[in-house]
Amino acid sequence: PYGQLIAVEDMSGLTQKEAQERLKALGFTAVCSGAEEAVTSQIPAPGTSIPFGSEVLLYFGEDLVREPVTVPDFIGMTRQQASDTAGKLGLYIQITGNTGLEPSVTVRAQSIDKHTQVPPGTTIELEFADTQARD
(Lines give C-alpha, C1' and ligand atoms only; values in the text may rest on other atoms or scores of the structure.)
Protein backbone atom coordinates (compact mmCIF):
# COMPACT_ATOMS: atom_id res chain seq x y z
CA PRO A 1 0.00 0.00 0.00
CA TYR A 2 2.29 2.77 -1.27
CA GLY A 3 1.91 6.06 0.61
CA GLN A 4 -0.05 4.50 3.48
CA LEU A 5 1.16 5.51 6.94
CA ILE A 6 2.37 2.64 9.14
CA ALA A 7 3.57 2.80 12.76
CA VAL A 8 7.19 1.84 13.38
CA GLU A 9 7.71 -0.80 16.08
CA ASP A 10 10.34 -0.60 18.81
CA MET A 11 13.46 -2.38 17.53
CA SER A 12 15.47 -1.96 20.79
CA GLY A 13 17.47 -5.05 21.72
CA LEU A 14 16.98 -6.85 18.40
CA THR A 15 19.93 -8.07 16.36
CA GLN A 16 20.54 -6.46 12.97
CA LYS A 17 19.08 -9.51 11.17
CA GLU A 18 15.98 -9.62 13.41
CA ALA A 19 15.35 -5.88 13.06
CA GLN A 20 15.81 -5.96 9.28
CA GLU A 21 13.39 -8.88 8.93
CA ARG A 22 10.75 -7.22 11.14
CA LEU A 23 11.04 -3.89 9.30
CA LYS A 24 10.85 -5.65 5.92
CA ALA A 25 7.64 -7.39 7.04
CA LEU A 26 6.16 -3.96 7.85
CA GLY A 27 7.20 -2.59 4.44
CA PHE A 28 10.26 -0.59 5.54
CA THR A 29 13.97 -0.69 4.72
CA ALA A 30 16.56 -0.70 7.52
CA VAL A 31 19.63 1.55 7.39
CA CYS A 32 22.10 0.35 10.02
CA SER A 33 24.90 2.23 11.76
CA GLY A 34 27.30 1.10 14.50
CA ALA A 35 29.03 -2.11 15.59
CA GLU A 36 27.15 -3.33 18.69
CA GLU A 37 25.16 -6.60 18.60
CA ALA A 38 21.72 -5.09 19.29
CA VAL A 39 19.71 -2.00 18.35
CA THR A 40 20.28 0.78 20.89
CA SER A 41 18.16 3.50 19.25
CA GLN A 42 16.25 4.32 16.07
CA ILE A 43 14.82 7.11 13.94
CA PRO A 44 11.92 7.60 13.81
CA ALA A 45 10.96 6.85 17.40
CA PRO A 46 8.82 3.76 18.08
CA GLY A 47 5.12 4.43 17.49
CA THR A 48 5.77 7.12 14.87
CA SER A 49 3.77 6.61 11.67
CA ILE A 50 5.72 6.97 8.42
CA PRO A 51 4.87 6.16 4.79
CA PHE A 52 5.06 2.53 3.64
CA GLY A 53 8.39 1.89 1.89
CA SER A 54 10.37 4.40 4.01
CA GLU A 55 13.80 3.86 5.54
CA VAL A 56 14.20 3.40 9.29
CA LEU A 57 17.59 4.31 10.76
CA LEU A 58 18.87 1.77 13.29
CA TYR A 59 21.77 2.52 15.62
CA PHE A 60 23.90 -0.23 17.13
CA GLY A 61 25.76 1.37 20.03
CA GLU A 62 26.42 4.68 18.30
CA ASP A 63 25.22 7.83 20.02
CA LEU A 64 22.01 9.03 18.45
CA VAL A 65 22.13 12.71 17.60
CA ARG A 66 18.62 14.12 17.87
CA GLU A 67 19.25 17.74 17.02
CA PRO A 68 16.23 19.43 15.47
CA VAL A 69 16.02 19.68 11.70
CA THR A 70 14.92 22.83 9.87
CA VAL A 71 12.09 22.11 7.43
CA PRO A 72 13.08 23.22 3.92
CA ASP A 73 10.87 25.05 1.44
CA PHE A 74 9.53 22.17 -0.67
CA ILE A 75 7.27 24.43 -2.80
CA GLY A 76 8.07 24.00 -6.50
CA MET A 77 10.15 20.82 -6.07
CA THR A 78 9.51 17.70 -8.13
CA ARG A 79 8.78 14.43 -6.33
CA GLN A 80 12.41 13.27 -6.75
CA GLN A 81 13.84 16.58 -5.50
CA ALA A 82 11.50 16.56 -2.48
CA SER A 83 12.32 12.93 -1.68
CA ASP A 84 16.10 13.50 -1.96
CA THR A 85 15.95 16.69 0.14
CA ALA A 86 13.85 15.07 2.88
CA GLY A 87 16.06 11.97 2.94
CA LYS A 88 19.26 13.98 3.44
CA LEU A 89 17.66 15.72 6.43
CA GLY A 90 16.22 12.57 8.01
CA LEU A 91 12.63 13.64 7.27
CA TYR A 92 9.83 11.62 5.71
CA ILE A 93 7.32 12.82 3.14
CA GLN A 94 3.77 11.72 2.51
CA ILE A 95 2.56 12.52 -0.99
CA THR A 96 -0.96 13.80 -1.62
CA GLY A 97 -2.66 15.26 -4.69
CA ASN A 98 -1.14 14.45 -8.09
CA THR A 99 1.13 11.39 -7.74
CA GLY A 100 2.62 11.67 -11.24
CA LEU A 101 6.38 11.71 -11.74
CA GLU A 102 6.40 14.24 -14.60
CA PRO A 103 8.68 17.28 -14.10
CA SER A 104 5.60 19.54 -14.28
CA VAL A 105 4.17 17.89 -11.13
CA THR A 106 5.57 19.90 -8.22
CA VAL A 107 4.84 20.66 -4.56
CA ARG A 108 1.99 23.13 -4.15
CA ALA A 109 1.65 22.97 -0.34
CA GLN A 110 3.41 21.45 2.67
CA SER A 111 1.94 20.52 6.07
CA ILE A 112 4.78 22.05 8.11
CA ASP A 113 5.98 25.57 7.27
CA LYS A 114 9.52 26.09 5.98
CA HIS A 115 12.10 27.12 8.62
CA THR A 116 10.14 25.22 11.35
CA GLN A 117 12.34 23.17 13.70
CA VAL A 118 11.21 19.51 13.93
CA PRO A 119 12.75 16.30 15.34
CA PRO A 120 14.49 13.94 12.88
CA GLY A 121 12.05 11.37 11.55
CA THR A 122 9.12 13.79 11.25
CA THR A 123 6.69 13.10 8.38
CA ILE A 124 5.72 16.13 6.29
CA GLU A 125 2.70 15.95 4.01
CA LEU A 126 3.40 17.40 0.57
CA GLU A 127 0.58 18.24 -1.84
CA PHE A 128 1.59 17.90 -5.47
CA ALA A 129 -0.13 19.45 -8.49
CA ASP A 130 0.59 19.56 -12.21
CA THR A 131 1.68 23.12 -12.90
CA GLN A 132 0.96 22.68 -16.62
CA ALA A 133 -2.59 21.36 -16.15
CA ARG A 134 -5.27 23.43 -17.85
CA ASP A 135 -8.66 23.96 -16.24
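The values are calculated or read from the model by the stated rules, or taken from the named source; none is laboratory data. Keep in mind the model is a prediction, meaning the values are calculated, not measured. Positions of Cβ are generated from backbone atoms using ideal geometry, with glycine treated the same way; all protein chains shown enter the neighbour counts. To get the accessible areas, we keep the full protein, side chains included, count just its heavy atoms, and leave off ligands, DNA and RNA. Shrake-Rupley method; radii C 1.70, N 1.55, O 1.52, S 1.80 Å.
Expressed as a whole percent, the accessible area of the chain that falls on carbon and sulfur atoms is 49 (1.4 Å probe).
Helix 79-89 and the long axis of the chain differ in direction by around 40°, with both axes built from C-alpha atoms. Annotation: Cα Rg of the range 1-118 relative to the compact-globule expectation 2.2 N^0.38 Å equals 1.14. Spatially, the range 1-55 and the range 65-108 are offset by 21 Å when compared through their Cα centroids. With only Cα atoms counted, the range 1-61 has Rg and Dmax values of 10.7, 33 Å. Given a Förster distance of 30 angstrom, what is the FRET efficiency for Thr99 paired with Val31, based on the Cβ-Cβ distance and rounded to 0.05? The computed FRET efficiency comes out at 0.75. Accessible surface for the chain, divided over its residues, is 57 Å² per residue with a 1.4 Å probe. This model, with +1 at the C-beta of Lys and Arg and -1 at the C-beta of Asp and Glu, gives the chain a dipole about its Cα centre of some 260 debye. Across the chain, the mean sequence separation of Cα contacts (distance under 8 Å, 6 or more residues apart), normalised by length, yields a relative contact order of 23 percent.
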